[in-house]
Amino acid sequence: MATAAEPRKASLPLPGGQAGATVKLHPLTVAKMRTTPGGLHREEGRLAAVKALGLRVPREQWVDIPVVAFLIEHPGAGPVLVDTGFHPSVAVDPKGAMGRFGGLLFKDIRMEQAEAVPAQLRERGIDPSRLATVVMTHLHLDHAGAISEFPEATFVLSDLEWEAAANGNELDGYNKRQFDHAFDYRLLDFESAESDSFASFGRSFDLFGDGSVRLVFTPGHTRGHLSVVLRLRDREALLCGDAAYTRSTIEESRLPYKMEDEHRFKRSLREIQLFAEQTPDALVVPGHDMRALLLMDREY
Ligand SMILES: [Zn+2]
């Protein structure tokens with residue numbers, strides 16, 4: 001790839017941690033788009049692939065899914081973003097946002113200018129150009145689209161995800177132009193001895209060293225996917241990212257059509273399911289579930 005970006009190894013914790021800190025969570029809806037039922041939840045049989053791609057699926061059967069990002073407010077470290085959603089320009093020109101191949105699985109992108117993450121931060125009094133920390137669950141097109149809008153941020157993600165995206169293409173859901181900037185990328189090696197287990201998760205990092213924001217390794221959707229566990233005021237929250245598109249994935253183990261690695265996806269899903277079982281009052285947030293999103297509060 002072109003080499004504007006020179007990612008470095010993350011050294012954690014990032015500054016700002018406070019003993020016993022809790023964080024606030026604001027779910028941000030960035031856009032809506034449509035996909036096939038068979039893309040969201042894999043169907044069996046000879047036509048599964050054809051149906052997942054929508055070739056024999058009538059328009060009215062396609063389902064609405066949200067594109068989301070999350071704002072976290074940490075008392076010492078300030079605002080932290082999880083994923084960036086689509087670039088603000090997608091509100092004006094939605095065609096091409098998902099690339100040529102993503103456009104097969106995801107269609108009809110609808111996005112208001114006010115829904116772009118920078119606009120939503122500004123509305124909450126946060127200057128996006130000065131945001132200090134962004135955690136990337138992974139670098140797919142619908143998560144990495146607005147990276148360019150946060151030039152001063154430290155971006156934290158897994159080294160395997162960076163490698164996969166840097167060597168990937170639109171067929172894998174990546175677009176290098178979205179992330180190949182001379183920004184401060186910090187990579188986590190979840191296989192290293194610095195990574196600990198946390199709750200049901202075999203591999204985790206404590207972002208600020210105070211237990212308030214933990215990054216847990218959930219590969220399978222992509223090679224280096226991570227999810228985020230938050231300590232809120234009165235409960236924990238698990239932002240699954242695309243390790244689980246929907247509540248049905250978590251509750252009924254319904255797998256999506258597309259997985260980078262099915263074995264790892266199932267292992268990560270099992271860790272998510274165990275977390276949900278062992279922490280029954282936790283807020284567990286799937287990555288692309290419209291119904292689950294509509295039931296969420298504006299702030300936790
Ligand atoms: Zn994805």
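Every read-out reported here was derived from the displayed coordinates using simple, explicitly stated rules and does not represent laboratory data. None of the values given here were measured: they were computed from a predicted structure. Glycine gets a Cβ as well: all are built from the backbone with ideal geometry, and neighbour counts include every protein chain shown.
Backbone amide hydrogens, once placed in the peptide plane, bring residue 254 within less than 5 Å of 249, excluding anything fewer than 5 places away on its chain. For segment 132-284, the relative contact order comes to 19 percent (Cα pairs under 8 Å, sequence separation of at least 6). Classification of segment 174-300 by its C-alpha gyration tensor yields a rounded form. The axis ratio a/c (a ≥ b ≥ c) stays under 1.5. Less than 5 angstrom separates the built amide H of residue 31 from those of 67, all sequence-distant by 5 or more or on a different chain. Residues in segment 8-22 carry Karplus couplings, in order, of 10, 5, 6, 10, 9, x, 6, x, x, x, 9, 3, x, 4, 10 Hz; the curve used is 6.51 cos²θ - 1.76 cosθ + 1.60 with θ = phi - 60°, and Gly or Pro positions show x. For segment 126-183 and segment 204-228, what is the centre-to-centre distance using only Cα atoms, to the nearest Å? One Cα centre to the other: 16 Å. When a/c is below 1.5 the answer is rounded, else prolate if a/b is larger than b/c, else oblate, so apply that to segment 1-76 with a ≥ b ≥ c taken from the square roots of the Cα gyration tensor eigenvalues. Prolate. Applying the criteria of a DSSP loop state and at most 16 other Cβ atoms within 10 Å to the GluC sites (Glu not before Pro) of segment 82-148 yields 112. With unit charges on the beta carbon (Lys/Arg positive, Asp/Glu negative), name the residue among 92, 106, 76 whose Cα is farthest towards the positive pole of the charge dipole of segment 40-113. Projecting each Cα onto the dipole axis, the largest value belongs to 106. If a/c stays under 1.5 just call it rounded; otherwise compare a/b with b/c (prolate if a/b is bigger, oblate if not). Do that for segment 213-263, with a ≥ b ≥ c from the square roots of the Cα gyration tensor eigenvalues. In terms of gyration-tensor shape, oblate.
Of the residues 121, 65, 160, the one whose Cα sits farthest towards the positive end of the charge dipole of the chain is 65 (charges of +1 on Lys and Arg Cβ, -1 on Asp and Glu Cβ, taken about the Cα centre). What fraction of the Cα pairs in the chain, stated in percent, has a spacing above 24 angstrom? Here the tail beyond 24 Å accounts for 48 percent of pairs. Summing Cβ point charges (Lys, Arg +1; Asp, Glu -1) relative to the Cα centre of segment 130-250 gives a dipole of roughly 380 debye. Relative to one another, the C-alpha centroids of segment 19-36 and segment 56-122 are positioned 11 Å apart.
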